[in-house]
Amino acid sequence: MSAATNMNTYLNNHYQGKTPEQLIQMLYKGALRNIGLAKEGVAENNPKKRGEHLGKAIAIITELYASLDTEIKDESIQFLRELYSNMLTELPKVSLTNDPKALDLTYSYIKQLNHIWETEVLNKKVGPGEYETNHDSSDKSLPPKSLFA
């Protein structure tokens, strides 16, 4: 088996069985990790580290943007489209300016989105420190699962 085949097998096994909601959460966590590492690269004046992780963060946010269902005209989906679009406009500028402000702002937005995703979509808080996985699509307080393609 070639290395590429082994990698594809690993990736398929790693993501197999994950729900679309769990995959979105993985994207949020990956974006947070890579934005943090890009910021470290800026602080360390390490263009290779900054560029590598900035590129990964941009790729993840691009995937989040692409995962939005274009058929839905809901206000919250439009907000996410514009938010992701603004992130994708501002983040590449970090490579030119070495200014971490766009990284900080993007990090704070993604962190908040991840928190909302974890508490409102993936889990439903039952009691102090307890969570129940939400599989009940009749709960109208949660966004419909069809928000993402």
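The values are calculated or read from the model by the stated rules, or taken from the named source; none is laboratory data. Predicted, not measured: the structure shown is a model, and the values here were computed from it. Neighbour counts run over all protein chains shown; Cβ positions are idealised from the backbone, glycine included.
Remarks
- Considered as a group, the residues in the range 1-42 that are loosely packed, with under 13 Cβ neighbours inside 10 Å and among the small types (Gly, Ala, Ser) include one that is modelled with the lowest pLDDT, and that residue is Ala4.
- Scanning the range 89-108 for residues that are crowded, with 16+ Cβ neighbours inside 10 Å and either under 13 Å from the mean Cα position of the chain (by Cα) or in a loop (DSSP other than H, G, I, E, B) (or both) gives Pro100, Thr106, Tyr107.
- Among the residues making up the range 75-88, those that are over 14 Å from the mean Cα position of the chain (by Cα) and surrounded by fewer than 13 Cβ atoms within 10 Å (Cβ to Cβ) are Glu75, Ser76, Gln78, Phe79, Glu82.
- Hits in the range 52-67 - residues which are buried (at least 17 other Cβ atoms within 10 Å of the Cβ) and either on the phi > 0 side of the Ramachandran plot or touching a residue at least 40 places away in the same chain (Cβ under 8 Å) (or both): Leu54, Ala57, Ile61, Leu64
- Any hit, the range 43-51, residues being loosely packed, with under 14 Cβ neighbours inside 10 Å, touching a helix residue (DSSP H, G or I) at 6+ places or on another chain (Cβ under 7 Å) and either basic (Lys, Arg) or modelled with pLDDT under 95 (or both): no
- If you check Ile72, Ile77, Ile110 for being at pLDDT 95 or above and out of contact with any Cys (no Cβ under 6 Å at 6 or more places or on another chain), only one passes: Ile110.
Yes or no, residue by residue, for (1) farther than 30 Å from Lys48 by Cα; (2) at pLDDT 50 or above:
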residue: Glu90; (1), (2): no, yes
residue: Glu120; (1), (2): yes, yes
residue: Lys124; (1), (2): yes, yes
residue: Gly127; (1), (2): yes, no
residue: Thr133; (1), (2): yes, no
residue: Leu142; (1), (2): yes, no
